[in-house]
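Where a number appears in this text, it was derived from the coordinates with a stated rule and is not lab data. Computed from a predicted model, the values in this text were never measured in an experiment. Here the Cβ positions follow ideal geometry from the backbone for every residue, glycine too, while neighbour counts run over all protein chains shown.
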Amino acid sequence: MTHAIRFHKTGGPEVLVWEGVNLGKPGPGEARIRHTAVGLNFVDIYNRSGLYPVQLPSGLGGEGAGVVEEVGPGVTDLKPGDRVAYGSAPLGAYAEARLIPADRLLKLPDGVDDRTAAAMMLKGLTTQYLIRQTYRVKAGDTILLHAAAAASALSSANGRSISAPPLSAPSAAMRKQNSPGPKAAPTPSSIRARISYSASTRSRGARKCRWFMIPSARTRF
């Protein structure tokens with residue numbers, strides 16, 4: 001038996017319970033993995049609170065990294081002992097181990113540690129599809145990062161493959177910089193300029209940029 005954080009009714013953090021789970025063997029197309037790190041995302045709160053309805057009882061979390069323990073029939077590209085990570089999977093990452101569709105797993109290279117992988121998959125894939133698939137950013141483009149202190153925006157601004165100079169619009173965390181109390185983490189030095197929402201976004205800089213939105217952790221997809 002393994003253990004997982006689950007909830008049987010929606011609500012605040014108090015509905016989360018640590019309970020035993022019998023996983024069984026992986027079925028066709030599945031793998032059983034033992035988690036070594038789990039990603040936490042704001043959408044997890046939406047699932048727990050009921051804002052995004054889920055079938056109950058339910059696990060929580062859709063991002064993690066770990067080691068393959070066993071694979072089911074039909075899985076040929078993974079084997080026990082492989083280090084893997086995922087960023088889009090059925091809920092259930094808040095667990096010691098889980099069953100998961102094998103096609104959601106990516107093998108990890110030696111240069112990427114488990115904690116980094118678990119924290120970057122969802123954000124990294126979001127950034128990838130926005131700057132490579134939705135619109136392929138090229139040299140000379142200027143992009144606007146909404147909520148520039150959020151994880152997806154930080155991964156874009158820090159990306160070494162991006163040649164377009166980014167502008168940033170402040171996130172809630174950035175707006176706290178001028179208020180008493182703990183300060184937000186600084187935004188990357190690669191940010192060329194900031195746009196204040198208190199001023200007109202039809203500024204010269206905003207007019208010239210490619211309107212390219214990086215969703216923040218609070219964006220409802």
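Scan 17, 84 and give me the residue that is exposed (fewer than 15 other Cβ atoms within 10 Å of the Cβ) and not in a loop (DSSP other than H, G, I, E, B).
After ruling out the rest, the residue left standing is 17.
Restricting the search to the stretch 113-128, which residues are part of a helix (DSSP H, G or I) and without any contact (Cβ under 8 Å) to a residue 24 or more places away in the chain?
First, the residues of the stretch 113-128 that are part of a helix (DSSP H, G or I): 114-128.
Selection gives 116, 128.
May I ask you to verify whether residue 6 is more than 21 Å from residue 114 (Cβ to Cβ), touching a residue at least 40 places away in the same chain (Cβ under 8 Å), of a type in the set (Lys, Arg) and in a strand (DSSP E or B)?
yes
Filter the stretch 28-52 down to the residues that are touching a residue at least 40 places away in the same chain (Cβ under 8 Å) and over 17 Å from the mean Cα position of the chain (by Cα), then identify the one that is surrounded by the fewest Cβ atoms within 10 Å (Cβ to Cβ).
Within the stretch 28-52, the match that is surrounded by the fewest Cβ atoms within 10 Å (Cβ to Cβ) is 28.
Could you check, for the stretch 62-71, whether at least one of its residues is in contact (Cβ under 8 Å) with a residue 60 or more places away in the chain and under 27 Å from residue 18 (Cβ atoms)?
Scanning the stretch 62-71, I find at least one residue that is in contact (Cβ under 8 Å) with a residue 60 or more places away in the chain and under 27 Å from residue 18 (Cβ atoms), so the answer is yes.
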